[in-house]
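To start, the structure under review is shown below, and the notes come after it.
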Amino acid sequence: MKILLNISYDGTNYFGWQRQKNAISVQQIVEEKLSMLFSRQIKIIGASRTDAKVHALAQKAMFNLDNSTFKIPIEKIPLVINKMLPDDIVITNAKIVDDNFHARYDVFSKTYRYTILNSDFLIPQYRNYCWHIKNTLDLQIICDAVKFFIGTKDFASFCASGSSQKSTIRTIYDFHADFKNKFIIFEISANGFLYNMVRIIIATVIQAAEKKITLSDIEKIIAAKKRSFASKTAPPQGLTLTNIIYKE
């Protein structure tokens, strides 16, 4: 049978989700603990490949399990495995899914949150969970800038080198910003994201809010379809994967 997990993690101490040869990843830790629990090698497939220091509230991952391997209800897996996992990784749900289901390819939408602290001083408690910006930001420009990204577009200008994606066309369903005290909280939902796409988009919006580029420049950057036209990449620690919705 096929099991789907919901995994939350603080990415501060990890080199991303995906297993690597010379660095510790979230996938590696989860696979090791599952393998110990079931006394056999477990390989999991995640829905999203979050980068180093990026966090998740709702990463999804699936694995196959022999029906006779485990004797307690599948929904009880989190209660058992969380005792084995480090405090910065928690499995919040486990359920059986259809044999034809795929955690990565059946995704309808992914939602990410990006947090910015716009203040003179960095609050130490937030240093691992936001991008600290001292410069004055025009909040109205932020509200106007995010609208340029909504819809089906070629986001080649917002894809870091090293991506293995064949197509750079994606559909952004929603992109907005909320303002709470000195925090700017972006939320962006799409049918998929390119490598570093969210962080490059956020950095570009911030460039506009700092009045280093204009709103019309954003249109030109999108139309250029070249990474060299867009901004730098925003820091990873401000980014959190918050939701994944699957096709019905």
**Fill in**
Given the conditions (1) crowded, with 18+ Cβ neighbours inside 10 Å; (2) in contact with a His (Cβ under 9 Å, 6 or more places away or on another chain), every one holds for THR12 apart from (1)
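Scanning for something part of a strand (DSSP E or B) and within 23 Å of LEU241 (Cβ to Cβ), does the stretch 20-43 turn up at least one residue? Don't jump to the end; show me each part of the working.
Kept after step one, since they are part of a strand (DSSP E or B), are these residues of the stretch 20-43: none.
Scanning the stretch 20-43, I find no residue that is part of a strand (DSSP E or B) and within 23 Å of LEU241 (Cβ to Cβ), so the answer is no.
Would a scan of the stretch 185-208 turn up a residue that is of a type outside the set (A, V, I, L, M), over 28 Å from LEU5 (Cβ atoms) and exposed (fewer than 15 other Cβ atoms within 10 Å of the Cβ)?
First, the residues of the stretch 185-208 that are of a type outside the set (A, V, I, L, M): 186-187, 189, 191-193, 195-196, 199, 204, 207.
Next, only the ones that are over 28 Å from LEU5 (Cβ atoms) stay: 204, 207.
Of the ones still in play, those that are also exposed (fewer than 15 other Cβ atoms within 10 Å of the Cβ) are none.
No, every residue in the stretch 185-208 fails to be of a type outside the set (A, V, I, L, M), over 28 Å from LEU5 (Cβ atoms) and exposed (fewer than 15 other Cβ atoms within 10 Å of the Cβ).
Return the only residue of LYS83, LYS76 being at pLDDT 95 or above, surrounded by fewer than 17 Cβ atoms within 10 Å (Cβ to Cβ) and basic (Lys, Arg). Walk me through it before giving the result.
Numbers: LYS76 fails: at pLDDT 95 or above.
Just a single option satisfies the conditions, and that option is LYS83.
Quick one: would you say ILE221 is buried (at least 17 other Cβ atoms within 10 Å of the Cβ) and among the β-branched types (Val, Ile, Thr)?
Details: buried (at least 17 other Cβ atoms within 10 Å of the Cβ): yes; among the β-branched types (Val, Ile, Thr): yes.
Taking the combined requirement at face value, the residue satisfies it.
Residue under question is ASP217, and the condition is that it be in a helix (DSSP H, G or I), in contact with a helix residue (DSSP H, G or I) (Cβ under 8 Å, 6 or more places away or on another chain) and without any contact (Cβ under 8 Å) to a residue 24 or more places away in the chain; does it hold? Give the derivation first.
Numbers: in a helix (DSSP H, G or I): yes; in contact with a helix residue (DSSP H, G or I) (Cβ under 8 Å, 6 or more places away or on another chain): yes; without any contact (Cβ under 8 Å) to a residue 24 or more places away in the chain: yes.
Yes.
The values are calculated or read from the model by the stated rules, or taken from the named source; none is laboratory data. As the structure is a prediction and not an experimental result, all values here were calculated from the model. In this analysis, Cβ positions are derived from the backbone assuming ideal geometry, glycine residues included, and neighbour counts consider all displayed protein chains.
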